[in-house]
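So the structure is just underneath, and the comments pick up after that.
The values are calculated or read from the model by the stated rules, or taken from the named source; none is laboratory data. Since the model is a prediction, treat every value here as computed from it, not as a measurement. Glycine gets a Cβ as well: all are built from the backbone with ideal geometry, and neighbour counts include every protein chain shown. Keep in mind that these areas ignore ligands, DNA and RNA; they rest on the heavy atoms of the full protein, side chains included. Shrake-Rupley method; radii C 1.70, N 1.55, O 1.52, S 1.80 Å.
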Amino acid sequence: MNTPEWQVAPPGIAVDAEVYRRWYHELPRELRAEVERHWGEPPGTIMVSQGRIMIPGVVADNVFIGVQPSRGVHENPEKAYHDKELPPHHQYLGFYWWLQKEFRADCIIHWGMHGTLEFTKGKEAPVSRRCFPDILIGDLPHLYYYWVGNPSESTIAKRRSYAVTVSHASPPVIAAGLYGEYLELEELLAEYRKAEGRDKETLAGAIKEKAQALSMPTEDLAEPEVYLYRMKRRLIPKGLHVLDRQLEGEDLVNYLAALVRFDREVPSFYRMVAERTGFSYESLAREPEAFVAVDREVHQAIGRWLAGDEMALPPEIGRYLVGVKENIARSQESAGLLTVLDGRYLLPNLAGDPVRSPEVYPVGRNMYEFDPRLIPTPLALRRGEEAVKVILERFYRTHGRYPETIGMVLWGFETLSTGGETIAQILAYLGVRLVRKESPWFKELELIPLEELGRPRIDVLVTICGIFRDICGPQIEVINQAVELAASAEEPEEMNFVRKHSLEMAAEHENTSRARVFGPQATEYATSMRALVESGVWREEKELVESYDSSMCYCYHRGKVQENRALFTGLASTVDVVSQVRHSTEYEFTDLDHYYEFFGGLSRSVAEKKGKAPEQWVVDATEEITEVADVGLAIDRAVRTRLFNPGWIDEMLKHKHHGAQKIAERIEYLIGLKATTDRVDEWVFREAVRCFLLDQEMRRRLAENNRFAALKIANKLGEALQRGYMGLSEEEHGKLVEAALEIEARIEEET
């Protein structure tokens, strides 16, 4: 038997407590006091065995492959209530010091967004020797493989941990399509359109029965038909991205077709085909026949063009796609990393959502965001104004009045990718116009007269995450200036809700009554609520509100950051609508924990203060026409097109370990969304039980992919049952318990 050229060291790398204490005492005294206040004397209790701190990982020749330590919340659930104040624990510190001082690494590579090191306590920028990101990374050269679609968080890695972020691509995109009983319903609808007389009545009854069984709308037969249509054409990721695997074949056709859905520097090819065949571009978003015909022709034309038929596409579309295709082919993900490891310069390139901004290709470059001072862009201003018009018209139709305050959720993630559509929405609500001067960097604000506006000025409560604060500081100032402008206008209070609320709060908040931007304190990035949901230690939803409020009540006004819970509470009690933009096909509303954390957190906080839930609307900017959807509808579409879609599941489970992990995460996020928005219907949890646990074959596949994730799915669905988010029959409950015990037994057997 041949001996390999390298040997894997046995697991069990550890640091002796005395060695760790020597390293630890190099910390400034005040930082040691902070660590010990939360984690006790060194070496602490996390990952400590027989007086030694364990380092999770293996050494293969001169390479250490390890797992980044946890932040300690799951090991100490009581810390979940205070995680925004947590310094790294002893094992976390020991892990990075071991890499620096004992292993003596020449460089460190963090693999995949986003880790936790760059979000540890300390200044935003520039970090100092007393900031934990600097302490942890030391003088190690730092490389970071990062998804190209997330320029905002990658920027934090650059600023706070000196990272060179090497971009990798997104997974291919495909249309969600239909499956199972949805296909049966579609066939019934097709038969109904052709039938006459009694047959039509019989089919109508069968359609309603099938739609009800699928928990779909049934008041009008057109409703399930449109719903199925929107499901079919929804773009979803095809599994996960595999390093160095470039788009080709059908995946390349699908991507290029997704690009030409939209007007860019060239017109939308979908628009051109639609107009040539007698349809309007707008009809593609709501008429199945129009989209199916146009979509088929677009895909066929791109396929022929890729096969060498240059005449298959209009010249301007062909020229545009040639550039995109060449850039994709120039991607070098592994070579980019090796270039930096070799100490050579890595060319930079723009980052952003690949469907919205194909300029992100080639990947394998040192990714960067574009200049945030250019936000909002002219296109974002137009799209933001259109979204505001739809929201206000919809609210007025429903309530017979205009909303007084809109609660807005702003992330750096979507702000950069959309060019600032949310900033544009805020200006539109306030009735403030942005006027550009000599160059794109110089802008002024002016009030739109009420006569021109034709409605009241709507107040805003703007919530931000720490990443938005760090990279969009100029936009915070723009928002504050716009609010000051609107609040200062001598106008009737019934036509200026900004002025009305500012005057009402002036007595109690003399200097901050016009403050509207709130977020985490200056050294934090998110809320402590997410840790509560992850650990499951909360008892009532009010605890989540308390966690959210305590994290997000810091006011960003006139260059200062100060806690002002009373003002936050007062403004939240005036909110009628909570709104957020969904901008990327990569993530649905159920695919990120930050959606329940920020959107859900604000919604639940407003509901507690008002005694009733606000309207909760998602501005979906991922398709040709911007749509405003109730959050319940956004969640419903997400689980039907992704979580329960066999095509999505199969592609995920092609990835060992990660596939089941991603499914388990989404079950957890559903609990967070239910707790905060109350818009996750019971059928969703029941279907998750049926799909992932009661189906024996699926249960086997999940356990083989990742047995620990399979157990998490069972435990989280058990938690949903315990919290009253669904009901199960006695038989179903028994099978759920059996499934969990079976997975536990498998873990014990294989460990």
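A few comments on the model shown:
- Of the GluC sites (Glu not before Pro) found in region 470-503, the ones in coil according to DSSP and having at most 12 other Cβ atoms within 10 Å of their Cβ are Glu490.
- Distant-in-sequence amide H partners of Val363 (H built 1.01 Å from N, under 5 Å): Ser331, Gln332
- Only helices enter this figure: runs of n ≥ 4 DSSP H residues, each worth -39500 (n - 2.57), summed and divided by the residues of the chain, yield -14500 deg cm²/dmol at 222 nm to the nearest 500.
- For region 496-559, the set of GluC sites (Glu not before Pro) satisfying both a DSSP loop assignment and a count of at most 16 other C-beta atoms within 10 Å is given as Glu508, Glu510, Glu540.
- Gyration tensor (alpha-carbon) shape descriptor, region 615-751, a/c threshold 1.5: oblate
- Beyond 31 Å in Cα-Cα separation lie the following of the pairs Lys123/Lys609; Lys443/Lys542; Lys101/Lys121; Lys101/Lys662; Lys210/Lys610; Lys123/Lys610: Lys123/Lys609; Lys443/Lys542; Lys101/Lys662; Lys210/Lys610; Lys123/Lys610.
- Rg/Rg_ref, the chain, where Rg_ref = 2.2 N^0.38 Å and atoms are Cα: 0.99
- Tensor-based shape of region 620-695 (alpha-carbon gyration tensor, a/c under 1.5 rounded, otherwise prolate or oblate): oblate
- Protection proxy ranking, peptides 14-23, 673-682, average beta carbon neighbours within 10 Å, highest first: 673-682, 14-23
- Trypsin sites (Lys or Arg not before Pro) lying in DSSP loop within region 503-588, provided at most 14 other Cβ fall within 10 Å: Arg539, Arg558
- Karplus-derived 3J(HN,Hα), 6.51/-1.76/1.60, for each residue of region 352-361, Hz, glycine and proline x: x, 5, x, 7, 6, 10, x, 5, 5, 7
- Built amide H within the under 5 Å cut-off of Glu624, gap 5+: none
- Membrane-span-like helices in the chain, defined here as complete DSSP H runs extending at least 24 Å along the helix axis by their C-alpha atoms with mean Kyte-Doolittle hydropathy no lower than -1.0, are 197-213, 288-306, 378-399, 658-677, 730-750; this is a sequence and geometry rule, not a statement about a membrane.
- Residue-normalised accessible area of region 565-649, expressed per residue, 1.4 Å probe, Å²: 19 Å²
- Highest to lowest packing among 285-296, 624-635, scored as the average C-beta count within 10 Å: 624-635, 285-296
- The amide H of Gly407, built 1.01 Å from its N in the peptide plane, has Leu461, Asp576, Val577, Val578, Ser579 as neighbours under 5 Å, considering only residues 5 or more places off or on other chains.
- Compared with the direct C-alpha span, the chain from Val737 to Arg304 gains 150.5 nm at full extension, assuming 0.36 nm per residue.
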